[in-house]
Number of protein chains: 2
Amino acid sequence: MGGNGDWGGDSSSFVPTVESTCHPPHAAPVTSPRSRPYRWRRRRRRKDEEMSPASARALTVDSLNPKVLALADHLGGTIARKAQCMQKELEKNPSLYPFNEIIYCNLSNPQSLGQQPNKYFREVLALCDYPHLLDRCETSYLFSSDAIAKAREILDLIPGRATGGYSHCQGTEGLRNAIATGIASRDGFPCYKEDIFLTDGAAPPVHMVMHLLIRDEKDGILCPIPSHFLYTNSMVLRGATLVPYHLDESGGWGVSILDLKKQLDGARSEGITVRGLVVVNPGNPTGQVLAGENQCEIVEFCRNEELVLLADEVYQENVYTDEKKFNSFKKIARSMGYGEGDISLISFHSISNGYYGECGSRGGYMEVTGFNSEVRNQVYKVASLSSCSNISGQILMSLVMNPPKVGDESYTSYWEEREDIISSLCHCGEAMVHTFNSLEGMTCSKAEGAMFVFPSVLLPTKAIAAAEAISIKPDVFYALCLLESTGIVVLPGSVFGQVPGKWHFRCTILQQEEKMQRIIYLFQAFHKAFMEEFRD
Amino acid sequence: MGGNGDWGGDSSSFVPTVESTCHPPHAAPVTSPRSRPYRWRRRRRRKDEEMSPASARALTVDSLNPKVLALADHLGGTIARKAQCMQKELEKNPSLYPFNEIIYCNLSNPQSLGQQPNKYFREVLALCDYPHLLDRCETSYLFSSDAIAKAREILDLIPGRATGGYSHCQGTEGLRNAIATGIASRDGFPCYKEDIFLTDGAAPPVHMVMHLLIRDEKDGILCPIPSHFLYTNSMVLRGATLVPYHLDESGGWGVSILDLKKQLDGARSEGITVRGLVVVNPGNPTGQVLAGENQCEIVEFCRNEELVLLADEVYQENVYTDEKKFNSFKKIARSMGYGEGDISLISFHSISNGYYGECGSRGGYMEVTGFNSEVRNQVYKVASLSSCSNISGQILMSLVMNPPKVGDESYTSYWEEREDIISSLCHCGEAMVHTFNSLEGMTCSKAEGAMFVFPSVLLPTKAIAAAEAISIKPDVFYALCLLESTGIVVLPGSVFGQVPGKWHFRCTILQQEEKMQRIIYLFQAFHKAFMEEFRD
């Protein structure tokens, strides 16, 4: 198994324990990562809780909204839960496992993995938070001149310079205007501030749109498989019918219009009213960038079939191939000569993604085009339910769409920071893809965009039988074995959905050079040992 | 009409125009404040939009979720819309109306009305946004020493000091711990970080709870009338049955247990499963602080009837009477000897309220007690749908619950800022209540808390007839006449609900001394003229 000290003998025999020892053995089944640990603590401090007659009578799990019960675990399920417990165990006893750290390849959360925030963004935020700084001479020594100028500009855009006031429920008009300008220069087509709704990340606008589109279980949405939880969970919560279409793995995870049409007709023949089509580009978990021609086909399909096109474009800045570039679906539609009246299109963006990964600030927007006024009034009404999105997120979103320009003091450092991160992601993606394609029974498409690779693993029947023996899915079994042998956390394909009989995992490409080399080494050694043990 | 130049002859005859002239006369009925202005602009730039066949086919208002169509206008309806248009008109033509400014007594948005943010809060936020400042010597000249220490402390609570990373979906553990400590010292009873869910303001957690409790239209929630839109709209969106109970105006807007019981039994006799009871204390729009005994009755009622008590306590810091103090419902329940097992209680708080009014940062929490582990797991799952709330809001919430202490550099200034604002609100409230009670046919309960007074107006039958003649409600008619005569914006009682045949309006108490004197003068003159014109 190689001479690496992290490889103890026990790791060469794969008998994963699904439930971690840091959970009480008698705990009931749970559906959320941190629920059991604190249930445990709670029992210690309040003996009456578990069997509490009153609270049990007032509300039991059986009397909750069944749509909530039907939600999938949003945070990665068994694997993520187990990794968190193993981390706690390692903190107590560093020699408990044949490795000394948990390596999180499941989180698209760059700053939690050590990536530093963009300096210019944070300078502007700090100045907007505490504008008093703008009146002090020391500030010119502490902040770059363009950050100071931008902060003044942004404060002037906010009525009364009141960053502590509710904004217009679509977001501060001046910031929406700046974002619309950024979108227009990105696409080469006009964009209007009236079409922009600023939001607390990408989840709230998706939930808003589902609220608008879904009446009951007879309404459906075409959603890619594999795809991340946001869309499927939002549909489940509103009782919508998921109309799945499979991304074409052999075609680099492109969208097959034939399959789209087949799924749509199938759903319609069952009496489902299909309201919209979700497309995620660049893809999560699949990491592809759609070809322009494929996007044209999708636009044509939505127009002909009268579907609202829901375009998740949150990874638009994360493209790692020279052969393809990101095109917004709006740019594609307009390039095809389709205007407001031809296609209903909603594009989602977020500051959690992009190379800067400002996940904690919860900023995002949706651009809403191709709806008549009456419908737009209803979109507005739903948006107003939460008053407005947070102002710091609104400011960051406007900065993302309007980065420093030539001549600005931060121009060089900003683009250097960006280039460093993007090229590191690109390099990590290439190395991962090369590695996975070199492993027995594994194939992995190029990492063209986003932050992930999604290799498929041809699992031996013996491994599948071993998984069934402990009643878990084969891909979960593989990921658990990997975790217990190496400390590497990846998410099994079944979390995202996959073609029956095929098995995958999602691995992020966020690791720095040294860590990446280590991951590659551990993966190679693990996979070799795994295949040796289970080879048919 | 007195010698005030703002009083033109035209204001002595009340013929309000419901639709503002800044809207195109041919505009279709709308349901949201800003929708018409931009519809208008949009028509100018895209002639095809209104009659767009494709976009109309793809999605028409008739094919939207009827629960969305049923939502009430969240932002104050006709009056707020008209005020915004009049403001735009005044900017173009300052002599258009018999006044030169719109006076917004409808907005509970202190900083948008000129209130400055709390210095200490913003110092800490700025330092957390741009931690690089903590390494610079200039910082000690720009920031107070306790803000610097607090920022270091908070950054140490955030794993990897990554303010840009997603937090635990309930919020950063260390910040929840600080908030739990603050709640425990407020109540004198234990509070646990596991019970705290940090949120983007108070709306998201209310929507979460409705998701959990509401299965279909046979599920109901007891909700006060009058009450603000959040609860009613959240119920409408999930198809819940609103089970209204009327606050007792003659008893200072207290809760009548007799009425609660009557409404509950009535709903049950119609086959409604009543899941919970909403109580807002201090009250919005009614401004009352509930008496401790009344709170005990409510706790007892919820316990006996097995209802989840949903306690909106966002105005807990805004109390203006020495006769009453704020008691959290959890403190009341624990004081009665009721523990985890006895009552299911969710308390909502927010940084948008309180004297500091940090509405734009979208921070809040819910404290969830009295549920068994299985139910809590589902609460967690719903909370995880939006990943986490914004970190700045989480930080502010922790500061709100842990203000500067004796000996801290900011201690004096912090409490002086607080005292100034609270006493100004108190003074404004007293003056408003005194004024309204001195006007013909008006009665107004004490402004004990929150940011509002909610006087009732005995409208002459002639005024009611005049309202009916233009097909608007009498209280909307009164508010429109007030707006067109004085520029003062108040919200009619019908926006919040009221006893049939009684008419009210909600007026904020956020105005500074000088502005308040002017509002009082304008109100007195307007009301006198109004009653003279419509006296029976």
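The values are calculated or read from the model by the stated rules, or taken from the named source; none is laboratory data. Small disclaimer: the values here were computed from a predicted structure and weren't measured. We place every Cβ from the backbone using ideal geometry, glycine too, and count neighbours over all the protein chains shown. All accessible areas refer to the heavy atoms of the entire protein, side chains included, with ligands and DNA or RNA removed. Shrake-Rupley method; radii C 1.70, N 1.55, O 1.52, S 1.80 Å.
Here is how the numbers come out for the structure above:
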| item | result |
| --- | --- |
| Rounded D (µm²/s) - region B:127-205, Kirkwood Rh over Cα pairs, Stokes-Einstein at 10 °C, 1.306 mPa s | 112 µm²/s |
| Over chain A, relative contact order from alpha-carbon pairs under 8 Å, at least 6 apart, % | 19 percent |
| Low-density loop positions, trypsin sites (Lys or Arg not before Pro), region A:210-247 - DSSP coil, at most 16 other Cβ in 10 Å | A:Lys218 |
| Neighbouring partner chain Cβ atoms per residue of A:329-341, average, 10 Å criterion | 2 |
| Chain B: angle of helix B:474-486 to the longest principal axis, Cα-based, in degrees nearest 10 | 80 degrees |
| Theoretical gain in end-to-end length, A:Ile422 to A:Cys137 [0.36 nm per residue, Cα-Cα removed] | 99.0 nm |
| Region B:314-358 versus region B:131-200: alpha-carbon centroid distance in Å | 22 Å |
| Nearest 10 degrees, 0 to 90: helix A:35-45 Cα axis against chain A principal axis | 80 degrees |
| Label 7 Å beyond Cα on the Cβ vector: B:Gly251 copy-to-copy distances, nm | 6.9 |
| Above-threshold pairs, the threshold being 20 Å between Cα atoms, out of A:Lys193/B:Lys92; B:Lys82/B:Lys473; A:Lys82/A:Lys473; A:Lys67/A:Lys218; A:Lys193/A:Lys330; A:Lys218/A:Lys261 | A:Lys193/B:Lys92 |
| Between helix A:203-213 and chain A: long-axis angle, C-alpha atoms, 0 to 90°, nearest 10 | 80 degrees |
| Cβ charges +1 (Lys, Arg) and -1 (Asp, Glu), total dipole of region A:362-485, debye | 520 debye |
| Cβ crowding within 10 Å averaged over residues, with A:290-298, B:183-191 ranked highest first | A:290-298, B:183-191 |
| Average beta-carbon neighbours from other chains, 10 Å sphere, peptide B:386-398 | 5 |
| Residues of type lysines that B:Lys446 reaches as a straight line, Cα spacing below 22 Å, ignoring anything fewer than 8 places off in the same chain | B:Lys324, B:Lys325, B:Lys502, B:Lys515 |
| Range of Cα positions in region B:337-469 per principal axis (Å), largest first | 59, 44, 36 |
| Calculated diffusion of region B:217-261, Stokes-Einstein form, Kirkwood radius summed over Cα pairs, 4 °C and 1.567 mPa s, µm²/s | 117 µm²/s |
| Relative contact order (percent, whole number), region A:120-401, Cα cutoff 8 Å, 6+ residue spacing | 23 percent |
| Accessible surface buried upon A-B contact (total; probe 1.4 Å; Å², nearest 100) | 10200 Å² |
| Residue-normalised accessible area of chain B, given per residue in Å² at a 1.4 Å probe | 34 Å² |
| Zone residues, region B:199-216, relative to B:Thr181, backbone N less than 20 Å from point 7 Å out along Cα-to-Cβ | B:199 |
| Rg followed by Dmax, in Å, when region A:120-401 is reduced to its Cα trace | 19.6, 70 |
| Computed log₁₀ I(q)/I(0) - Debye formula, equal Cα scatterers, no solvent, the protein assembly as shown, q 0.09, 0.10 Å⁻¹ | -1.08, -1.36 |
| Surrounding net charge for B:Lys218, when Lys and Arg each add one and Asp and Glu each subtract one, Cβ distance under 14 Å | 0 |
| Pseudo-label separations to other copies for B:Glu89 - Cα-to-Cβ vector, 7 Å, nm | 7.2 |
| For B:Lys462, solvent-accessible area (1.4 Å; no DNA, RNA or ligand), Å² | 110 Å² |
| Heavy-atom accessible area, 1.4 Å probe, ligands and nucleic acids excluded: residues of region A:126-146 down by at least 20 Å² from chain alone | A:Ala126, A:Asp129, A:Tyr130, A:Leu133, A:Arg136, A:Glu138, A:Tyr141, A:Leu142, A:Phe143 |
| Where labels lie 7 Å past Cα in the beta-carbon direction, separation of B:Thr443 and A:Lys528 in nm | 8.9 nm |
| Accessible surface of the protein assembly as shown [probe 1.4 Å, protein heavy atoms]: carbon and sulfur percent | 55 percent |
| Per-residue average of Cβ from other chains inside 10 Å of B:365-372 | 4 |
| Region A:459-524, relative contact order [Cα under 8 Å, separation at least 6], % | 25 percent |
| Computed Rg/Rh of region A:135-288, alpha carbon atoms with Kirkwood Rh | 1.12 |
| Teacher prompt: A:Glu306 distances to equivalent labels in other copies, 7 Å Cα→Cβ, nm | 4.8 |
| Within chain A: Cβ-based charge dipole about Cα centre, in debye rounded to nearest 20 (Lys, Arg +1; Asp, Glu -1) | 1780 debye |
| Qualifying GluC sites (Glu not before Pro) in region A:171-270, DSSP loop, other Cβ atoms within 10 Å at most 14 | A:Glu217, A:Glu270 |
| Charge-dipole axis of region A:120-401 as Lys and Arg at +1 and Asp and Glu at -1 on Cβ define it, positive-most pick from A:Val379, A:Gly360, A:Leu399 | A:Val379 |
